[in-house]
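The values are calculated or read from the model by the stated rules, or taken from the named source; none is laboratory data. Keep in mind the model is a prediction, meaning the values are calculated, not measured. Quick reminder, even Gly has a Cβ in these numbers, built from the backbone with ideal geometry, and neighbours come from all protein chains shown. Ligands, DNA and RNA are stripped out before the accessible areas are found, and what is left, the full protein with its side chains, is counted by its heavy atoms. Shrake-Rupley method; radii C 1.70, N 1.55, O 1.52, S 1.80 Å.
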Amino acid sequence: KKVLFSLFLFILFCCKSILFAQIIVDKNKGDHNQTRKGYMDGNLVATAYYNFGEVADWLNEPSRSGVWPKGTNHTYLDGVAVIVQAEAKDPLGRLIHPLESNYYEFTRYNPATGITYGWWPLPGYAAPYSKIPARSDEQSSWPSRWPDRPSDWNSAWNGFFGKGVKNADVETYFVFDDHEDKEYLIKNNFRPDVNDPTRGGLGMQVKTRGFQWSQVLAEDVIFWYYEITNMSTTDYDKTLFAQYIDWGIGGHDNSSNNAGDYDDILDISYAWSTSPTGSPGNWSPVGLAGYAFLESP
């Protein structure tokens, strides 16, 4: 009997090496029209995800959100949102705490357009007519050139481990920022970048990768990597990185039976179902799922 402990792991770190020496600073801005939906299915874990950082989507993808094992209707996750917050001062010297995120509910939005104030993807990181974010095993999803790489990377996979290197069975790559968050600009006249007064939000850009290996020791894991860069001219003394995790252990209509805990030595939060069966279908056993923080600066 195999019990799930599927770690939707995420890594956050910054380092300098030859792998990063060929990176070009991309000053393009996020645009909600660039949104793509993908499906990570490179091992026994499968889930929908978006190129603005949301992982899983109970509202629109109830049967493809946090699935284990792949190929079943056994779901464990309603959704995950990436959060970055910082303390700043507006031109009147008032403290403000802009928070950037994007999720299918509970977000601030432009009342005129209904567009969420928060993360949206940068252009150029997927093929123009691709419906999915770029992923290593589907060349048709790659752009003809990568905005953050020199021309000798054209037609090669923009891999974390090097040009054309596909170390993982599946790797996905996309970039998003908070440019479309104009609320603090409108309400507080807060402009994070003196060189670009139209830039919204905090001026944060997030390069994101997801990795899956089918090797038995990692077959129940998705690794998420976030490289967060302050593109603005504002220095922030206080910043926060977090993730909002909405569990759905044992099925989305069974989540009222969920319980959770965390271990601050292992840096992991995890959840389980108090019901022995999952829904729909009364399947069992119902496993556990967790998020672990691996590394940061």
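Report the local net charge at Asp235: Lys and Arg +1, Asp and Glu -1, summed over other residues whose C-beta lies under 13 Å from its C-beta.
Its environment carries a net charge of -1.
Provide the net charge surrounding Pro111, with neighbours chosen by a C-beta distance below 13 Å and charges set as Lys +1, Arg +1, Asp -1, Glu -1.
+2
In sequence order, what are the phi-derived ³J(HN,Hα) couplings for region 44-56 according to the Karplus relation 6.51 cos²θ - 1.76 cosθ + 1.60 with θ = phi - 60°, rounded to whole Hz, with x for glycine and proline?
6, 9, 9, 7, 6, 7, 10, 7, 10, x, 6, 10, 6
Once phi is turned into ³J(HN,Hα) by the Karplus curve 6.51 cos²θ - 1.76 cosθ + 1.60 with θ = phi - 60°, what whole-Hz value does each residue of region 86-92 show in order, with x for glycine and proline?
So the Karplus estimates, Gly and Pro as x, are 8, 9, 8, 10, 7, x, 8 Hz.
Computed from these coordinates, which is log10 I(q)/I(0) by the Debye sum over Cα atoms at q = 0.10, 0.11, 0.14, 0.15 Å⁻¹: (i) -0.56, -0.67, -1.07, -1.21; (ii) -0.76, -0.89, -1.20, -1.26; (iii) -0.71, -0.82, -1.15, -1.25?
Comparing each candidate, only (i) matches the computed number.
Comparing Pro280, Pro111, Pro62, which has the greatest mean-square fluctuation in the GNM of the chain with Cα pairs linked when under 10 Å apart?
Pro111
With the full set of protein chains in place, find how many percent of the accessible area of the chain is carbon and sulfur; take the probe as 1.4 Å.
Within the chain, the accessible surface is 53 percent carbon and sulfur.
Run the numbers for Asn73 and Leu92: contour at 0.36 nm per residue of separation, minus the present Cα-Cα distance, in nm.
Difference between extended and current length: 1.5 nm.
Would you mind working out the accessible area per residue for the chain, using a 1.4 Å probe, and quoting it in Å²?
46
Alpha carbon centre of region 207-284 versus region 36-100: separation in Å?
Their Cα centres are 9 Å away from one another.
Do any of Lys182/Lys238; Lys37/Lys238; Lys29/Lys70; Lys89/Lys187 go past 24 Å between their Cα atoms, and which?
Lys37/Lys238; Lys29/Lys70
Is it possible to state the helix-based mean residue ellipticity at 222 nm for the chain, with each DSSP H run of 4+ residues giving -39500 (n - 2.57), the sum divided by total residues, to the nearest 500 deg cm²/dmol? What is it?
After summing the helix terms and dividing by residue count, I get -500 deg cm²/dmol.
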